[in-house]
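K.L.:
Here it is, the structure, as structure tokens.
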Amino acid sequence: MSQASFGVFSSRICSNISSSIVVFKANIALPALIFHLHKAPLTSSSGGERDALLQFKANLQDPYGSLSTWRPEDDDCCQWIGVTCDNQTGHHVTVLNLYDAGLVGEISHSLANLSYLSYLDLSSNSFHGTIPTFIGSLTELTDLHLSHNSFHGTIPTFIGSLTELTDLRLSHNSFHGTIPRSIGSLTELRFLDLSNNSLYGTIPPEFGNLTNLQYLSLRYVGRCSVEHMEWLSHLSHLKVLRMDGISLAKQNHWVDVILSLRNLSYLSLDGCELSQLIYPYSSSFLNSSSSSIEYLSLQNNNLTSSMYGWLYPLTGNKLRHLDLSSNMLDGIPKYLGNLSSLYNLYFNNNSDVVNFPSFLYNLSFGCASLTLRSLYAERSQFTGSLSDDIQKFSSLIRLNLSDNHINGTISEKLWELSSLKHIDLSHNHLSGAISENIGNSKASIINLSKNPLQGVPSTDHMSNQSSVTYIDLNSCKLGPHFPKWIQMLKKLNELDISNTSISDTVPPEFWNIHLSSLNLSSNNISGEVPDLSSRDFSKTIDLSSNSFSGPIPHLPPHLASLNLSRNKFSGGISFICQFVDGFLQFLDLSHNFLSGQLPDCLWHFKELKVLNLGHNSLSGRLPPSIGSLINLEVLYLYKNDLSGQLPLSLKNCTSLSFLNLGANRFSGNMPASIGENLSGLYGLILRSNNFFGTIPLHLCQLPNLQILDFSRNNFHGSIPSCLNNLTRMVQEGFLLPPNVHPFTTRWSSCGCLDYLVGLFGNRNEERDDQEYVAHAMIEWQGSECEFTSNLGLLKAIDLSSNNLTGHIPHELTNLHELLALNLSNNALLGEIPQQVGEMKNLVALDLSRNSLSGGIPSSMSQMNFLGYLDVSCNNLSGRIPSSTQLQSFQPSSYNGNAGLCGLLLTTKCLGDEDPKIPPPVGESDTDEDWGWFCIGGGTGFVTGFWIACGALLLNRRGRHAFFHLYDNFKDWVYVKVVVFIAKLRRIAHK
């Protein structure tokens, strides 16, 4: 569950805590109160305290002016924001509350002069350093909040001397070391939060002395363990317990301890290795279910359904929220259906196969069907159909069953649930027609995408639909005609009918619908787009991969994402100057027939991350305002008619990581600033232009560069030997592909989402997170290929078709992870570096059409992955090394080298002989041996295959991890292994 969701739930629990100081503490967490309530207009502080606060301010950076009222000329610091004085202490400062003030620096020792201070809140800033020792002298402190900062070092033992503390919060810092036992001396403590640090050791049993404790969070405190849990049973007032990430693998009878805490309302034990316990509870609790727990989370514990025996006593009739996500459960027991207060059930990411009709039947067995408001079960291996049992859940508001294997038709009863507001059945195997009863649904959000559903509800059936604001039917079969029923959805705000087999024009009245987001991509929709400048689009317009034509119209100025790629739009692109609000993050106009110049109005696009104008007919120079794109990550201008030198302002685009200017008419020297300022570049493609001059040495300062393509230009001089500093081409192991660029559009404006946010407290789920995968045309093994999702795995250097001279630097051979090297069609001299064989991952090597001399290095025999080699048209001589790898290439790979000899060539080396034909007598023996080899190899393959598959079938956790790993590695394996298999096949055919 998210932090926001936890906050909603725990705030309700904290409101029941009897201590008034805890209630006060919960209230002041609101930023609006921080800087307004803590004033005492009728008091006056001492001069020493005023000077102490000014010294504290002097040591800090205050970028947001939060301390602007702290002025030396003011005698009374009690009037300053964040400061409160108390008449009962003689007008001394008692409260310093600077929560979320944006302050940066260390805590000044001058605060030691605030000897009457009882409340200190510096949380959610950027304080660093260690906790200063003077804190131990502030013995009046009741509340110390230092969470969400960058403090490091150990938690000092003198914390134990602050015996008046009722609230101690040190979470979300970088504290290390052990948890001091002295905290056990703080017997007045009500609230303790040490979560999200880097502590280790055992949880001190002295915590058992904190008998007044009501809130304890050790969530992801570090690498800590619990030696014995008996101390926990002494905390009889405890209401909230969070121990996520702490191993309880050796804590037998831990359930008994939890059940002894009669006031416990909130329990979170995510990632506690609970599956390893042999005796989680004693038999005396077997038939008891009198738990007071309202919120229970057991995520990520590798639990199987055998755990339901000990779960029973923890699930009383007060339970409102149950999270069993990320386990290995194959269903749920019927007793969960009897929980009379259950509101929310999370069953996400379970790796075992679950029969959904049985799941739904057990859950509807009792009162839970009447109380359940939300069921989250994404990615949980559900099979079977969505049965009519769904009608029993009359209070259901939110249903998410996405990314499962549910098949069959959708039960008609689903659309009759009057309380249901959010339906997500996407990424399943649901089939049949989209029910006409969808028009009767009261749902605000409907997502049926990525299902083979078909058919179109009639306009009459949708005329009563007055609730839906968001509908996603991506990859359903709605075509060939454009669905007219959409116009009946009067409250529709976001629409996705991409890839739905529509081959039609858009009805003119459709464009009058008030949408914030529209996706019609991947259809065959034609016609022109009208003027949309007065429409309400505020998030996304995606019309890509259609047949729209004509000029691009005026568009709404508030868009965050615009994709018009792969259409037939024509004319200029001056319309982009209308985007003056600076919200645009994504702009893709590629693969059209656009012409004219790129307008010089790019200073509006401060948030733009992706700009793709490739495959058009744009001309002229790049405008100087391109330097205003300070957040730009991808600039793709491939295959236009742009010309001139690159503007110097390009160096200001310091966020740029992929720059593709290939197939244009750019000229001039390559600016050294690219290497000096654009250090984040992983792809630099300038191929097929008119650049000249030498390759600047500053290029070697790009540590992330893994695609360098300067081919088909007029560069001269030598190849920089410092290219071995391109460390990304040296790093071994699997690295996350850098060509995935996420961007986020603004919050949805539909009212239903605000309602759901208020209900579930998790607004992150309503963000429209998208991503752009950079792609490029690359010369690969002699032909031009487009790399898309696998571009991030490519590591290549292409300097071909230039005027480069000199020797091939031997330092290049240090690039051990390089996959492709093309230096062909230059004027390179000298020998091929003898260490070239150390580039063992090289898949393609092209040194053809140069003036290289000497022999082919014998070290190349070690290049087992080499699948493409061309050294033709040089002055090489000597014998081709006799390795199987080098002998497997076609003679054309070596042609044009008069001095080369070998079995592959017409020129044989001295001592070479034609292979003798074996006598017929041995032919049958060979065939018999080959037959036995095939039988043995086939048997071995089948045996090994089923051993591997059997292990995956029996080991649920291993199966889940394997396929997750497969998704990440499949492109990398393709590049690495396919060529190796081809080599083996060539060996077998010899």
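K.L.:
Would you calculate the separation in nanometres between label points at Ser570 and Cys785, each defined as 7 Å from the Cα along the Cα-to-beta-carbon direction?
P.N.:
About 3.6 nm, to one decimal.
K.L.:
Can you flag which of Lys490/Lys568; Lys606/Lys795; Lys490/Lys539 are past 21 Å Cα-Cα?
P.N.:
Those over the limit are Lys490/Lys568; Lys606/Lys795.
K.L.:
Which part of the stretch 548-570 falls in the paramagnetic zone of Ser595, meaning amide N under 16 Å from the point 7 Å along Cα-to-beta-carbon?
P.N.:
Taking a point 7 Å out along Cα→Cβ of Ser595, the residues of the stretch 548-570 whose backbone N falls under 16 Å are 550-552, 568-570.
K.L.:
Oh, and also: With labels modelled as points extended 7 Å from the Cα through the Cβ direction, what inter-label distance (nm, one decimal) is found for Glu509 paired with Glu230?
P.N.:
That separation, rounded to one decimal, is 7.9 nm.
K.L.:
Distance from the Cα centre of the stretch 604-648 to that of the stretch 649-691, in angstrom?
P.N.:
11 Å
K.L.:
Would you mind pulling out the separation of the Cα centroids of the stretch 548-585 and the stretch 825-889, in Å?
P.N.:
When both Cα centres are located, 49 Å separates them.
K.L.:
Taking the Cβ of Tyr470 as the center, what net charge do the other residues with Cβ under 9 Å away carry, scoring Lys and Arg +1 and Asp and Glu -1? Could you put the intermediate results ahead of the total?
P.N.:
Numbers: positive: none; negative: Asp472, Glu494, Asp496.
It works out to a net charge of -3.
K.L.:
Under 15 Å between C-alpha atoms is the cut-off here; go through the stretch 329-446 and count lysine pairs that meet it, provided they're at least eight residues apart or on different chains.
P.N.:
Taking the Cα cut-off of 15 Å, the pair count is 5.
K.L.:
Also, quick follow-up: For Lys651, list the aspartates and glutamates whose Cα falls under 16 Å from its own Cα; do not include residues on the same chain fewer than 8 positions away.
P.N.:
Glu633, Glu676
K.L.:
Now for a separate question. Assigning unit charges at the beta carbon (Lys, Arg +1; Asp, Glu -1) and nothing else, what dipole magnitude in debye, to the nearest 20, does the stretch 602-715 show about its Cα centre?
P.N.:
Computed about the Cα centre, the dipole is about 180 debye.
K.L.:
With the other protein chains left in place, how much accessible area per residue, in square angstrom, belongs to the stretch 852-909 at a 1.4 angstrom probe?
P.N.:
So the stretch 852-909 comes to 40 Å² accessible per residue, rounded to a whole number.
K.L.:
What FRET efficiency, computed as 1/(1 + (r/R0)^6) with R0 = 35 Å and r the Cβ-Cβ distance, is obtained for Ala112 and Thr69, rounded to the nearest 0.05? Could the numbers behind the result be given before it?
P.N.:
Values: r = 23 Å, r/R0 = 0.65.
The pair Ala112/Thr69 has a calculated efficiency of 0.95.
K.L.:
While we're here: Order the peptides 878-888, 413-423 from the highest to the lowest mean number of other Cβ atoms within 10 Å of their residues.
P.N.:
Top to bottom by mean Cβ count within 10 Å: 413-423, 878-888.
K.L.:
Next up: If you roll a 1.4 angstrom probe over the protein chains with everything in place, what fraction of the accessible area of the stretch 588-717 belongs to carbon and sulfur, to the nearest %? Mind dumping the intermediate values first?
P.N.:
Working: 2020 of 4140 Å².
The computed percentage sits at 49.
K.L.:
Ignoring ligands, DNA and RNA, please state the percent of accessible area on the stretch 408-481 from carbon and sulfur, probe 1.4 Å.
P.N.:
So the carbon and sulfur contribution to the accessible surface is 45 percent.
K.L.:
Probe of 1.4 angstrom, ligands and nucleic acids ignored: what's the accessible area per residue over the stretch 398-510, in square angstrom?
P.N.:
Numbers: 4240 Å² over 113 residues.
Each residue of the stretch 398-510 exposes 37 Å² on average to a 1.4 Å probe.
K.L.:
Ok, one more. Work out how much length Leu736 to Asn252 would gain on full extension: take 0.36 nm times their residue separation and subtract the Cα-Cα distance, in nm to one decimal. Mind dumping the intermediate values first?
P.N.:
Values: separation 484, 0.36 × 484 = 174.24 nm, distance 4.04 nm.
Result for the pair: 170.2 nm of gain on full extension.
K.L.:
Sorting check: for 157-169, 641-653, which peptide has the highest mean count of neighbouring beta carbons within 10 Å, and how do the rest follow?
P.N.:
Details: 157-169: 18.8, 641-653: 17.3.
Packing order, densest peptide first, comes out as 157-169, 641-653.
K.L.:
What part of the accessible area of the stretch 108-193, given as a whole %, is carbon or sulfur when the probe is 1.4 angstrom?
P.N.:
Using a 1.4 Å probe with all protein chains present, the stretch 108-193 comes out at 47 percent carbon and sulfur.
K.L.:
Using a Förster distance of 22 Å, how high is the FRET efficiency between Ser292 and Tyr335, based on the Cβ-Cβ distance and rounded to 0.05?
P.N.:
0.80
K.L.:
Same structure again: How many percent of DSSP beta bridges within the stretch 82-173 run antiparallel, rounded to 5?
P.N.:
Percentage antiparallel, nearest 5: 25.
K.L.:
Applying a 10 Å radius around every beta-carbon, put 711-717, 392-398, 134-140 in order of their mean neighbour count, most first.
P.N.:
392-398, 711-717, 134-140
The values are calculated or read from the model by the stated rules, or taken from the named source; none is laboratory data. Since we're looking at a predicted model, the values are computed, not measured. Positions of Cβ are backbone-derived with ideal geometry, glycine not excepted, and every protein chain shown enters the neighbour counts. Heavy atoms of the whole protein, side chains included, go into the accessibility calculation; ligands, DNA and RNA do not. Shrake-Rupley method; radii C 1.70, N 1.55, O 1.52, S 1.80 Å.
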